[in-house]
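Novice: My questions will all concern the structure given below.
Coordinate-derived values only; no laboratory data. It should be emphasised that the depicted structure is a prediction, and the values quoted were computed from it without experimental measurement. Ideal geometry is used to build each Cβ from the backbone, glycine not excepted, and the neighbour counts take in all protein chains shown.
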Amino acid sequence: MRTGDQIFAGLSTGSGVLILAILAGVAAFLVVEAWPAVVAPADEVPGGAGVTVYIWPLLFGTLLSAALALLIAAPLAVAIALFITHYAPRRLAHGLGYVVDLLAAVPSIVYGLWGIAVLAPATVDAGAWLYENLGWIPLFAGPPSSTGRTMLVAALVLAVMVLPIITAVVREAFLQTPRLYEEAALALGATHWEMIKMTVLPFGRSAIIGASMLGLGRALGETMAVAMVLSVSGGVSINLISRSNPSTIAATIALDFPESTGIAVNTLIAAGLVLFAVTFVVNMLARVVINRRRDFSGADR
Amino acid sequence: MAKRIDVADLNIYYGETLAVQDVSMSIEPRSVTALIGPSGCGKSTFLRSLNRMHELIPKARVAGKVMVDGQDLYAPDVDPVAVRSQIGMVFQRPNPFPTMSIYDNVAAGIKLNAKRMRTSELDEIVERSLRQANLWDEVKDRLDKPGTGLSGGQQQRLCIARAIAVRPDVLLMDEPCSALDPISTQKIEDLITELKADYTIVIVTHNMQQAARVSDTTAFFNLRGIGQPGQLVEIGDTATIFSAPANKATEDYISGRFG
C-alpha cells in the first residue's frame, strides 16, 4: 500500500475505534459511579426507600412525556413531509422545507420559554374543558392545573421540539421515492392519494420509524424544556392535566445535581444510567423493526 | 376490451415548447402498432399522451383529440384517473412495487378499482393474469415473496400481468425490452403476439427487428431538425414500411443510415 493510503486507512480505523472507546468510557463511568447508590442501604438514598423506588417514577415520567410527544409529533411530521413533497407548489415547498430545517436548530431553552410563557397559560381553559367533559378517562382525571404546567403541555412542547427533526428525515425519504414506482401506481389508475399509499408511504416506512426513534431519543433526553415547564410532585400518575406530575430523569438530574452531595450524586448518576440504557433499547428496537421487513423495503438490489 | 384509437391533430407541449406536432393516426383493435424513430423524436411522449400520463409532468399539456372507441380522452368531463385504469402501461425499466409481494403486485390494480372482492375471486384473477403473462409456472410457489426478487425479464412479465389484471382496453408499452437480455426479450415478444388476441397494443421500440417481428402496423416518428418538434412521418403496414417505405427518411432510418 502507498503511504497515503496507509495514513488514511489508519485515520479512519482510528475514528471508528474512537467512537467505540467513547461509548465504552461513558458506560463505564455511569456504572462505576452508579454502583455506590445501588449497594447503599435504602434509607441513605434520597427518598429513603432505595434506588429503585427513587428512579421508577422518574423513568415513568420520562417515558410518558416522550411517548406522548411522539404520538403527537410523528403523524403530524408525516403529514407535513407529505405536503411538502407531494402537495405543495414547488416554490412553497422549498420555503417550507427551509423553515422546518430552521426550526430544528432552535435551542431547547427557547422552546421551554415559549412553553412556560405562552403555551401553559393558553391551555388552562382547555384543561378545564377536558376535565369537565372527558374527566371519566383517567388521563384527564384532574383536578385541572391553574397554571397549565402539566404533563400534557410538557408533551406538547416536546412534540414541537421533535417535529422538525422527524419531518426533515421523513421528507428526505419521501423525496427519494423513485419516480418509476409512482408512475407505476398512477398508470394503474391510482389517484394521487392512492399512489402515495401504494408507493411513497411504504417506501418511506423505515425512514418514518427511524425518524420517530430519533425524535423519541431527543424527547427522552430533553432537559431544559421539561425542567422549565413541568410542575413536579413526584409519584407515578397518568393524569395529564393536573399540577402533580412525575418528573423526568434528565430534568431531575439538571435541577438536583448542583445541590447534591455524597450518595445523592450516585443516585442521580444511576438514573442517568437507566436513561442511557433506555435510549439504547429504543434504538435497538427501531433497528429490529426496520430490518424485519427488509425484503420488502425497496432498497436497491 | 380491445378498443380502437383515433388520434386527430394532436400537439403535445412541455410548457411553451411544442414537443410533438400534428399527429393523426388510427390504431386498429387487436393489433400491435410499433412506434419507431430516433431518440428525442417524441414517440414516448406521444405514447404517454394516450393514457394521460404526459400531463403529470408539471406544465405539460396536450391539444387535440385522442378518441378511444369514439370517446375523447381529453374531453373536459373525463377523469384522467379513469382513463389510466382502462389503458394499461408497461415501462422501460421493470417496476414491480418493491414493498409488495408478487400476488399483491398483480392484485394492485384490482384493489384500486373494485374495493371489495372475495378472496377466491381475486385468486382467480391473479392466476389468470400470471398465466396470460407466461409467468405462473415460475412464481406459483412464491406468490408471497417480493416481486423484486425475480429476474429482470420475470419482473417485466410481472408488470405485464399487473397491467392486464384489470382487463384494460389498450396496452401501452414503452421500450419494454430495452433493459432485458435476448432470451427475456424473446419471451416478452412471444407474449405480445399472444396478447394481441385480446388487446390493442401500442409499443415504442428502438429495436427495428423487434418492430418488424411483433407489429402489424409501424409508425415512424422523426425530427425535422435540432430544436424542432417531433412529427409522424409515415404510418403503414409493417411489411410495407420495412420493404418499401414511401418516405426517404424512413428508408434511411430503417436501413440504419441514421438514428
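Novice: Where both residues lie in the protein assembly as shown, what percent of DSSP beta bridges are antiparallel, nearest 5?
Specialist: Within the protein assembly as shown, antiparallel bridges account for around 55 percent of the total.
Novice: Picking from A:ILE209, A:ILE137, A:ILE241, which is most flexible by a Gaussian network model of chain A using Cα springs under 10 Å?
Specialist: A:ILE137
Novice: Right, something else. Quickly work out the A:VAL38-to-B:ASP181 label distance, labels modelled 7 Å from Cα along the C-beta direction, and quote it in nm with one decimal.
Specialist: Simple spin-label model gives 5.8 nm for this pair.
Novice: Here's something else I'd like to know. Taking Cα pairs under 8 Å and at least six residues apart, what relative contact order does region A:40-296 come out at, in percent?
Specialist: Answer for region A:40-296 is 29 percent.
Novice: Provide the gained length on full extension for the span A:ILE109 to A:HIS192, in nm with one decimal, where the gain is 0.36 nm per separating residue minus the Cα-Cα distance.
Specialist: 25.9 nm
Novice: Using a 7 Å offset from Cα along Cα-Cβ at A:ALA27, what residues in region A:259-275 end up with backbone N under 14 Å from the label point?
Specialist: Under cut-off, by backbone N: A:273-274.
Novice: Follow-up. Using R₀ = 25 Å, calculate the FRET efficiency as 1/(1 + (r/R₀)^6) where r is the Cβ-Cβ separation of A:SER260 and A:VAL236; round to 0.05.
Specialist: Result of the calculation: an efficiency of 0.65.
Novice: Add -39500 (n - 2.57) for each DSSP H run of 4 or more in chain A, then divide by its residues: what number comes out at 222 nm, to the nearest 500 deg cm²/dmol?
Specialist: -22500 deg cm²/dmol
Novice: Next question, about the same structure. Find, among the trypsin sites (Lys or Arg not before Pro) in region B:171-241, those assigned to loop by DSSP (not H, G, I, E, B) with at most 15 other beta-carbon atoms within 10 angstrom.
Specialist: B:ARG224
Novice: At 0.36 nm per residue, minus the direct Cα-Cα distance, what do B:GLN92 and B:LYS65 gain on full extension? Give it in nm, one decimal, please.
Specialist: Result: 7.2 nm gained on full extension.
Novice: When chain A is treated as a GNM, springs tying every alpha-carbon pair under 10 Å, which of A:VAL274, A:VAL169, A:VAL110 comes out with the largest mean-square fluctuation?
Specialist: Checking each option, the largest mean-square fluctuation is seen for A:VAL110.
Novice: What nm distance separates the two modelled labels at A:VAL281 and A:TYR87, each placed 7 Å from Cα along Cα→Cβ?
Specialist: 3.7
Novice: I'd like the antiparallel share, as a percent to the nearest 5, of DSSP beta bridges with both residues in chain B.
Specialist: Of those bridges, close to 55 percent are antiparallel.
Novice: OK, next. Send over the per residue convex hull volume for region A:40-296, Cα only, as a whole number of Å³.
Specialist: In region A:40-296, the Cα hull volume divided by residue count equals 150 Å³.
Novice: What is the distance in Å between the Cα centres of region A:57-100 and region B:114-143?
Specialist: Measuring centre to centre over Cα atoms gives 39 Å.
Novice: Now, a different point. Normalised by the number of residues in region B:111-259, what is the relative contact order in percent for Cα pairs under 8 Å and 6+ residues apart?
Specialist: RCO, region B:111-259: 15 percent.
Novice: In deg cm²/dmol and to the nearest 500, what is the mean residue ellipticity at 222 nm of chain B if only DSSP H runs of at least 4 residues count, each as -39500 (n - 2.57), divided by the residue total?
Specialist: Estimated from H runs of four or more residues: -10000 deg cm²/dmol.
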